[in-house]
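The values are calculated or read from the model by the stated rules, or taken from the named source; none is laboratory data. This structure is a prediction, so every number in the text was calculated from the model and none was measured. A quick note on method: Cβ atoms are made from the backbone with ideal geometry, for glycine too, and the neighbour counts reach across all protein chains shown. Please note that ligands, DNA and RNA were not included when accessible areas were found on the heavy atoms of the full protein model with its side chains. Shrake-Rupley method; radii C 1.70, N 1.55, O 1.52, S 1.80 Å.
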Amino acid sequence: LAKTTQPISMDSYEGQEVNITCSHNNIATNDYITWYQQFPSQGPRFIIQGYKTKVTNEVASLFIPADRKSSTLSLPRVSQSDTAVYYCLVGHSGAGSYQLTFGKGTKLSVIP
Amino acid sequence: GAGVSQSPRYKVAKRGQDVALRCDPISGHVSLFWYQQALGQGPEFLTYFQNEAQLDKSGLPSDRFFAERPEGSVSTLKIQRTQQEDSAVYLCASSPGLVQETQYFGPGTRLLVL
């Protein structure tokens, strides 16, 4: 079961780029990396998913180095509405095994 | 389209009572997950269904927890003889196919055991 480690909190000003790094030293070959965003009193919402190198969508980018022992979520030009908890998720499906692990989350506060 | 819905949104139970939490996944979604989220913590995996088959229940904390999805759509998480440590938000998520796909979460049921 791959354990993940993230910073507990981060502060940023509006308009800045924010990078949140997740460590997952024990990631397995068939594990994928997913990031979710959670606002208070809501369920987590999918942001981005990747296996290796770089993935980009309309919301964020995900950078994964060759050893895959860490990943970095990059949020461009954040606004106050990006204030939330961000979770790094490492998981895989194998025969009879569906293990999904959320990190403790990073609380991002965007200051106007 | 409709997302994942959960009911009730809030539940207060006296210690020792049984509770049943319902999850309506997105129509046609094969995979369904239950998570438990304690205050200030990340969600923790409880169990996973693929259609009506419960393929992984390794996260259920005790034999007081039971989940079912008899027809491969709606799922119910039942907690028997609730204890104070069961107080948490219970989240349900569904995905279209295999577990690697995006999971769509419901708003959760906040359970408070007094």
Can you count the Lys pairs in chain A whose Cα atoms are under 21 Å apart, with each pair 8 or more apart or on different chains? 7
When the accessible area of chain B is split by element with a 1.4 Å probe, what percent falls to carbon and sulfur? 49
Counting pairs of alpha carbon atoms under 8 Å apart in space and at least six apart in sequence, what relative contact order in percent does chain A give? 37
Distance between Cα centroids, segment B:15-86 to segment A:1-59: provide it in whole Å. 25
Let me check something: with ligands and nucleic acids excluded, how do A:Leu89, B:Leu114, B:Leu55 order by accessible area (1.4 Å probe), largest to smallest? B:Leu114, B:Leu55, A:Leu89
Residue-wise, which Karplus ³J(HN,Hα) couplings in Hz belong to segment A:60-68, taking 6.51 cos²θ - 1.76 cosθ + 1.60, θ = phi - 60°, and x for glycine or proline? 7, 10, 10, 10, 10, x, 4, 7, 6
Mean separation of Cα contacts under 8 Å (at least 6 apart) over the residue count of segment A:15-74, i.e. the relative contact order in percent, is 37
How well do other chains shield peptide A:34-42, expressed as the mean number of their Cβ atoms within 10 Å of each residue Cβ? 3
Taking every pair of Cα atoms in the protein assembly as shown, average 1/r, invert it to obtain the Kirkwood radius, and report Rg/Rh to two decimals. 0.97
Using Cα pairs closer than 8 Å and at least 6 residues apart in sequence, work out the relative contact order for chain B, in percent. 37
Where trypsin sites (Lys or Arg not before Pro) fall in DSSP loop in segment A:1-108, at most 14 other Cβ within 10 Å: A:Lys3, A:Lys52, A:Lys69, A:Arg77
Positive dipole terminus of chain A, leading residue within A:Val55, A:Ser41, A:Leu108 (C-beta point charges): A:Val55
Measuring from label point to label point, each 7 Å out along Cα→Cβ, what is the B:Arg22 to B:Glu71 span in nm? 1.2
Please work out the ratio of the alpha-carbon Rg of chain A to 2.2 N^0.38 Å and round it to two decimals. 1.04
Please list, in order, the residues from segment B:41-80 whose amide nitrogen is less than 19 Å from a point placed 7 Å along the Cα→Cβ vector of A:Ala28. B:44-50, B:54-60
Count, for each residue of B:47-58, the Cβ atoms from other chains sitting within 10 Å of its Cβ, then give me the mean as a whole number. 2
Ordering A:Thr53, A:Thr21, A:Thr106, B:Thr102 by accessible area with a probe of 1.4 Å, largest first, what comes out? A:Thr53, A:Thr21, B:Thr102, A:Thr106
Round to a whole number: what % of the accessible area of chain A belongs to carbon and sulfur, probe 1.4 Å? 51
Got a sec to turn the phi values of segment B:26-31 into Karplus ³J(HN,Hα) couplings, 6.51 cos²θ - 1.76 cosθ + 1.60 with θ = phi - 60°, whole Hz, x for Gly and Pro? 5, 4, x, 6, 7, 9
Using the beta-carbon distance between A:Ser9 and A:Lys69 and R0 = 30 Å, what value does 1/(1 + (r/R0)^6) give for FRET efficiency, to the nearest 0.05? 0.85
What are the ³J(HN,Hα) values, in whole Hz, obtained from phi via the Karplus relation 6.51 cos²θ - 1.76 cosθ + 1.60 with θ = phi - 60°, for each residue of segment A:44-57 in sequence order, with x given for Gly and Pro? x, 10, 4, 10, 7, 9, x, 10, 7, 6, 10, 10, 9, 10
